[in-house]
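Data block below; observations after.
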Amino acid sequence: MEIKSTVLGRTTGSIGTLLIDDDVAWVDLLQSKLEAADDDVLATTATSAAEAESVLRSEAELVDCIVCDYRMPGTDGLEFFSTVQSTFDDIPFILLTGAGSEYIASKAVSEGVSDYITKDQLHSDAATLLNRIERAVETTRVEVEAIQKRDLYETLLEQTSEGICVTRGDEVVFVNDRLASFLGPDASTLVGSSFSEMVAHTDAADDGTALRSSRGQIVKAGVSTTRVADRVYELRERPFRINDESFSVWSFRDVTNAHRHKSQLHRERELSESAIEILAQSSTDQTVEQSFSLEMVDERWFQFAWVGESTQGTQLDVQAYAGNGQEYLSAISPITCDDSEAPAPPSLQALRDGEARFLYDISEHVETSWGQAADAQGFVSAAALPLVDSGIPYGVVCLYSSEQSVFDRYDEQFLQKLADALARVVVDNKRAAALASEQVTEISFRVTDSQFYLNEALQGDPPGEYGTATVESVVQQSGDGVVEFVTVEDTQPDGIVTAVSEHDAAEAVSSHSERSDARIQVETNRTTLGGLLQEIGVRLREIVIEDGVAEVTVQLPVERDEQPVLDRIREDFDVDAVTGHITKSVQPRSGAVQPSDVTALTQKQQQAVEAALEAGYFARPRENSASEVAELLGVSHSTFLQHLRAAERKLFADLFGER
């Protein structure tokens, strides 16, 4: 099975390099040579260890490699390497040494430096250093990716109730807690040992070949057993590959009491195996809900599974189902969200409060219509798992079994993780489709309370003192802050700027009057109405504020249920009334970049493009410089330009194709 992962926090398509040397002229020359040798190299310089540490603290996510001179005032390159390793051990480190410094080079390698190079090799050109940088970055990327994949796989393996051992060849590289409980308190010493020594071949059992450990008899995969002395384990192997290396997962299952627990033991094994398959395939499966339902249904696991989504806050619509239970769905349909029956079906309970529901004995609820229908279908236990988007439950996964108390604590946690993974895939697919859709639901509503800082700041006395202000867009800053771009009718917006500046929610306010309408930019770390809309994935059209009242207009994909969105907004703000509700077509401008083009951008790249556009960076003449836009976002000048350049490359490649 291929485990997909990425190296978190590093840029793609470029190599961010931090050059450190106290010789300012030399390090500037080296920066120029590297960037001239390869357009994808973005170099930042530092002339002291303290300055380099400052860069790493503020922009570590943009540094792919460190190149550091050995000799520096107050410290040396190896001492600085030790400091860096304590916090940023995943950044490769190349040491620059003088001629004849073989001892220093040898010591550097022994202490873990990625590579070293003498300065004499750099006088003619930077090709040698560029090659070393690229090699070090690629080596580190592969190593970090392997660690992430290993950690992901180990996390999955710890969820199962089976004892798990992972081997590379004959070497034991992982033992989970369950296997440790099988083999005793010294099981941790097995990591690094020989698997063949851990289990030794013995005489065949009555029904096949067996293996024996210090704690009991271990039977090879596929061999059924009869009762034997001591404890009996079933052993199964599953091979997989990571970075072209072959591994095996060995599952140890205690089958001593198999005659009493055979059904549940089999179900738990299928749970572990099917869960891994779902996670491995869900990112590319376009019918993930149906595939999910099919995977969950097995005669030895669940008898019936269905996925439902809330429609306009009124009822649950079935999106996919599998197994024997269509009659049950017919009996309980329609599943209305305002159902007053008590207790409500578990699907509605999970949808209403966003918490999973597990029923261990459905017969306790036969007084309800849904309980009667489930009991008539032969269902004994059930689970309802909420599907959540941006903190708002939008649907459920429901599972039914003919066994009583089929869920244990590990099953409940694991099933909820599967439901969360399903929700992420489904939501991502729907948002991508919604961006390309020409149909949206447009909702207008009024917010009157002073919790929205612009309502309070622009409460005119007398009425009409500040005219009308319109929030047109919101851009997320680094951290929790946002920048709101506001258009005002008066081309001399001094009054509004003063009123907003005096509000304690506004950290910085600036105005620009070059356009036909004056615009102001407001930076705040408060929870704003526009920031909340962005957080829950709603497209803002405008917020019009006049005399302390905000008229808000937002757009949602026609498929998205609007009621949970309004409920979430009401948790933070007083929604006085819904004043408009229409479904409309949104026609993209001819020749314009299609909305789907931005899906390839990272969040920071999209923030950089949006902030540049809203701040007039692309206008001629420019209304704000790169440094000013960077300040709005709370990042450095070089960080802003790096994100912007990466976004431009992706958008142009999508427009004109790879060249």
ask   = R0 = 35 Å: FRET efficiency of Val173 with Thr602, Cβ-based, nearest 0.05?
value = 0.60
key: Segments 69-79, 528-538 sorted - mean Cβ within 10 Å per residue, highest first   = 528-538, 69-79
request  = Using packing as a proxy for protection, rank 496-502, 470-476 so that the peptide with the highest average count of other Cβ atoms within 10 Å comes first.
outcome  = 470-476, 496-502
request  = Go through the range 388-402 residue by residue and turn each phi into a ³J(HN,Hα) via Karplus (6.51, -1.76, 1.60, θ = phi - 60°); whole Hz please, and just put x for glycine and proline.
outcome  = 10, 10, 6, x, 10, x, 10, x, 9, 10, 10, 10, 9, 9, 8
remark   = If amide H atoms are modeled at 1.01 Å from N in the peptide plane, then the residues at a separation of 5 or more from Asn624, or on another chain, having amide H under 5 Å from its own are Tyr617
ask   = By how many nm would the segment from Asp244 to Ser627 grow when fully extended, if each residue of separation counts as 0.36 nm and the alpha-carbon distance is taken off?
value = 133.4 nm
ask   = Simple spin-label model, 7 Å along Cα-to-Cβ: Ile536 to Arg71 in nm?
value = 6.4 nm
ask   = Can you work out ³J(HN,Hα) from phi for every residue in the range 128-145, in order, using Karplus 6.51 cos²θ - 1.76 cosθ + 1.60 and θ = phi - 60°, giving whole Hz and x for Gly and Pro?
value = 5, 5, 4, 5, 5, 4, 4, 5, 5, 5, 5, 4, 5, 4, 5, 5, 5, 4
request  = Beyond 30 Å between alpha-carbons counts as too far, so tell me which of Lys119/Lys650; Lys417/Lys604; Lys417/Lys650 fall in that bin.
outcome  = Lys119/Lys650; Lys417/Lys650
query = So what's the gap between the Cα centers of the range 29-47 and the range 64-136, to the nearest angstrom?
reply = 16 Å
message = If each residue of separation counts as 0.36 nm, what is the full-extension length gain between Val191 and Thr579 once their alpha-carbon separation is subtracted?
response = 133.2 nm
key: Spin-label pair Asp23/His123, simplified geometry with 7 Å Cα→Cβ offset, distance in nm   = 1.0 nm
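Values quoted throughout were computed directly from the atomic coordinates according to the rules given, and no laboratory measurement underlies them. Note that the coordinates shown come from a computational prediction; the quantities given were computed from them, not determined experimentally. Reconstructed Cβ throughout: ideal geometry from the backbone, glycine too, with neighbour counts over all protein chains shown.
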